[in-house]
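Below is one structure, written out as C-alpha cells, with a few remarks after it.
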C-alpha cells in the first residue's frame, strides 16, 4: 500500500487526531482522546511486524501505524515508503527514548526477541507511552514484575500480545466455559507445536535471546488454552522434557509435556514442541466436548463440538482485533482483555514447568488465585 | 431372539458343522473344519457378553454362540431360552474343564474380571480349545507369559479381545501410518477415559479383581492407539498419576498420563481416566494430521484428516468383525490380528507405567522390538 492509499484508508491523515467514522461527536469534544486513532510505534521489524502487525494496522479502527523502531537502517526506507512514515517517526534502539517527545505515538508495541521485552517495555513506559508487549511477556517473572511496576508508575496501560483473547473462535470457547455449555470442563488437552527446523541460527533457538525453546514460544499458547479452556488457573503442575534432536536443538527445549491440576478436580495435559506440527485445544465436560484445531495460528481457526456443530465465524485479522481492543481499553475504558498480570501469571507457570523438569517431574504447587483471569 | 429365529439365522442348526453360504465347497471336503462355523463358549455373562458379544454372535459368519459358562445359575435359563443353548453346553466355573469333551466348542472367549483371565485361559487351552482373552490380557506380564505358554503347549490359537484391529476406522488409521499418507507420524495424542462414578462396588474399582484402575481398563486403548497410530513400539515411557476423588477411587488409579518416546524421534502423550469422558486418537506427521473421535467405543467411530476429509465406513458390530477375524485365522490361516504377544506387550507397558509412577515419573526403558506389531 502506498502513502496515498494509506492516507485515504485512515481518513484525514495518518497521524495524530483522525476522526473516526461512525463515532458520535459530542459538541466541543473534537480534541479529546476518544475521537482519535491512537498512534502505534512498532519496535522490531521482523516477520511478525512485517507480515502481521503492519498489515493489520491498515485495518484497525481505533489505532494506526505511527512510527517504527528498528536496528536495521535499510528497513527504514522500505517501511517509510510503504506506509508513509515521516522521518521524525523513525527511531533506532539508541534514540528510542526520544519517543517521549513525540505526541503522535500513543502506544509502543514491543516485538523484539523475548530477552529484550523488559528493557523496551520499561523504556516505553518511562516515555509515557502505553505498552503492548509481545508474548511471552519476558524471560522471567522478575522481568514481568519490573514491566508491570514501570507501567503502573508511569500510569500507562499494559497489554500482552495475546491476540487470541480478541479472536471470535477463542471467545466462543470462553463462552462455552463460562456458560458451562458442555458441563464444567473436566479435562483439557492442548498441543502447540511447529517444526522449527529450517534455520538453526534463528533467535528463538538461542537461549540468551529467547529465554527458552518451545515452551517460551508455543508453550505459552498451550498454557493459555489450558486456562481459558477451563476458566481457571491451575493449582499445580508437573512437567517432562524430551529431546530427540540435541544436535539441532542445542540450546533450548525441543519438546515439553506438562500436566495441570485444577482446584475443582479438572486436569490438563499439554504438549509443546519445536519438532512437531500442530496447534489444538480439546476440552471435555460431563455434557460433551469442544475443540479448536487449529487453535493458535493466525486463523481462520476451526472448531467443532460434540453436538456436531462446526464453530464458524467471519475471518478478520486477529492482530487488528487485538490492537483495536487495546485501543478501546485506552480510549473508552473497556476491559483490558490481556493485561500484564496475565503475561506474568503465564511466566510463573513457565518457570514452574522448568522447575518441575529440573526436579525430575516433581509436582510444583501454584498459588495463582484469579491472577490474569479476565472474566469479560 | 428366540431359538427358532436363531436357528433360522445361522442356517442348518446352531451347533457343530454349519455350512457357510458363499464358501466354495470342495468335493469330498464337506466335513473338514474350514466349512463349519466355529462354536464359541462365552465365559462370564456380564454386560459385555450380554449386550455386545452374544448379539454379535448372531451376525458372525465364521463362528457362533455354542456354549455359556457362568457362575450365576439364574442366567442359565435366560440365556438358554434366548439363544437356544442346550443343557449340555451350559457350564459353571467348577465344571468348566469338562468342555474338553465337548466337540461343539472350538473357541473359549474369557470375559471375566481381569484377575481371572489367566486361570480360565490356561484351563481353556488345556481343554484343547482356542482362546480369546478379553483385554487387558491379564493383571501381570507373568500371567501373560503363562497364558501364551499354555496355548503354545496345547497347540491352540490365542487372541486378545482387541476388537479395534478388526474395525474399519482403525484399519484406515493403520493404513495412513503404513503408507505415510500424512508423513511419518511425529506426535500422537490419545485419551481414553470415561466417568466411572455410578457404582463404587463394581469389580473394575477393586484392585484384587481388576489389577488396576483406569490404566488397566481404558489405558490399554490409549497404549494401543499410541502404537498403531505410529506403527511402532515405544522405546521408553514416563508416567504420572492424579487423584482428585480418593474417596471414590479408593483402591485403583483414577487418572494417569504417560509419555512415550519412539526410536525414530516420534513421541506420544496419553491420558486415561475413570473421571473424565473421552476417547480419541490424534496423530500428526510432516504432511498433516488424522484423528478418530470417538476412537475406542463400540462405534461407529468418527474420523477426520487435515485434508478436510471425513473418514467414513459402514457400521458393523466390531465384535462380530473381531470374532470372525479370529475364526478365519483358525479356519483359513489368515493373520491373527491381535495375538497374545500383543496383549503381553501392552501389559509390559502397563507395568512400566506403574513403575514410572512409583519411581516419581522416572523414564522406564522398554525393549520391545516389534513385539505384538502385526503388519497386515
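Looking only at region B:294-311, residues that are under 22 Å from the mean Cα position of the chain (by Cα) and either without any contact (Cβ under 8 Å) to a residue 40 or more places away in the chain or not assigned by TED's automatic domain parsing to the domain that holds residue B:257 (or both) come to 2 in all.
Only residues that are in contact with a strand residue (DSSP E or B) (Cβ under 9 Å, 6 or more places away or on another chain) and closer than 20 Å to residue A:147 by Cα were counted in region A:323-340, giving 10.
Take residue B:34 and decide whether it is at pLDDT 95 or above, surrounded by fewer than 22 Cβ atoms within 10 Å (Cβ to Cβ) and touching a helix residue (DSSP H, G or I) at 6+ places or on another chain (Cβ under 9 Å). No, not satisfied.
Picking from residues in region B:162-195 that are in a loop (DSSP other than H, G, I, E, B) and surrounded by fewer than 23 Cβ atoms within 10 Å (Cβ to Cβ), the one that is farthest from the other protein chains (Cβ to nearest Cβ) is B:180. Within region B:201-214, not a single residue is within 11 Å of chain A (Cβ to nearest Cβ) and over 26 Å from residue A:280 (Cβ atoms). Quick check: is even one residue across region B:215-232 within 20 Å of residue B:357 (Cβ to Cβ), away from every other protein chain (no Cβ under 14 Å) and in a loop (DSSP other than H, G, I, E, B)? Checked region B:215-232: no residue is within 20 Å of residue B:357 (Cβ to Cβ), away from every other protein chain (no Cβ under 14 Å) and in a loop (DSSP other than H, G, I, E, B). When the residues of region A:319-376 are filtered to those that are within 14 Å of chain B (Cβ to nearest Cβ) and in contact with a helix residue (DSSP H, G or I) (Cβ under 8 Å, 6 or more places away or on another chain), the one that is surrounded by the fewest Cβ atoms within 10 Å (Cβ to Cβ) is A:362. Can you tell me which residue within region B:275-284, out of those that are buried (at least 24 other Cβ atoms within 10 Å of the Cβ) and more than 8 Å from chain A (Cβ to nearest Cβ), is nearest to residue A:284 (Cα to Cα)? Filtering region B:275-284 for residues that are buried (at least 24 other Cβ atoms within 10 Å of the Cβ) and more than 8 Å from chain A (Cβ to nearest Cβ), the one nearest to residue A:284 (Cα to Cα) comes out as B:281.
For beta carbons closer than 6 Å, sequence separation of 6+ or different chains, a first residue in region B:353-364 that is in the same structural domain as residue B:261 (by TED's automatic domain parsing) and a second that is in a loop (DSSP other than H, G, I, E, B) and at pLDDT 95 or above, the qualifying pairs are B:356/B:362; B:361/A:361.
Would you mind stating whether residue B:291 is facing chain A (nearest Cβ under 10 Å), free of Cβ contacts under 8 Å to residues at least 60 places away in the same chain, touching a strand residue (DSSP E or B) at 6+ places or on another chain (Cβ under 7 Å) and within 30 Å of residue B:178 (Cβ to Cβ)?
Details: facing chain A (nearest Cβ under 10 Å): yes; free of Cβ contacts under 8 Å to residues at least 60 places away in the same chain: yes; touching a strand residue (DSSP E or B) at 6+ places or on another chain (Cβ under 7 Å): yes; within 30 Å of residue B:178 (Cβ to Cβ): yes.
Criteria met by residue B:291.
Against the conditions (1) farther than 28 Å from residue B:60 by Cα; (2) free of Cβ contacts under 8 Å to residues at least 12 places away in the same chain, residue B:101 satisfies every one except (1). Checked against (1) within 14 Å of chain B (Cβ to nearest Cβ); (2) more than 21 Å from residue A:114 (Cα to Cα); (3) not in a strand (DSSP E or B), residue A:297 passes all but a single condition, namely (2).
Condition check ((1) at the interface with chain A (Cβ under 10 Å from one of its Cβ atoms); (2) farther than 26 Å from residue B:366 by Cα; (3) modelled with pLDDT of 95 or more) across all residues:
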{"residue": "B:238", "(1), (2), (3)": "yes, no, yes"}
{"residue": "B:250", "(1), (2), (3)": "no, yes, no"}
{"residue": "B:253", "(1), (2), (3)": "no, no, yes"}
{"residue": "B:267", "(1), (2), (3)": "yes, no, yes"}
{"residue": "B:270", "(1), (2), (3)": "yes, no, yes"}
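Any idea which of B:52, B:74 is crowded, with 16+ Cβ neighbours inside 10 Å, modelled with pLDDT of 95 or more and farther than 20 Å from residue B:129 by Cβ? I'd like the intermediate steps shown before the answer.
On the way: B:74 fails: crowded, with 16+ Cβ neighbours inside 10 Å.
Going through B:52, B:74 in turn, just one is crowded, with 16+ Cβ neighbours inside 10 Å, modelled with pLDDT of 95 or more and farther than 20 Å from residue B:129 by Cβ: B:52.
Checking each residue in region B:50-65 for being more than 16 Å from residue B:81 (Cβ to Cβ), in contact with a strand residue (DSSP E or B) (Cβ under 8 Å, 6 or more places away or on another chain) and part of a helix (DSSP H, G or I) picks out only B:53.
The values are calculated or read from the model by the stated rules, or taken from the named source; none is laboratory data. Everything numeric here is computed off the predicted structure, so don't read it as measured data. Cβ: placed from backbone, ideal geometry, glycine included. Neighbour counts: every protein chain shown.
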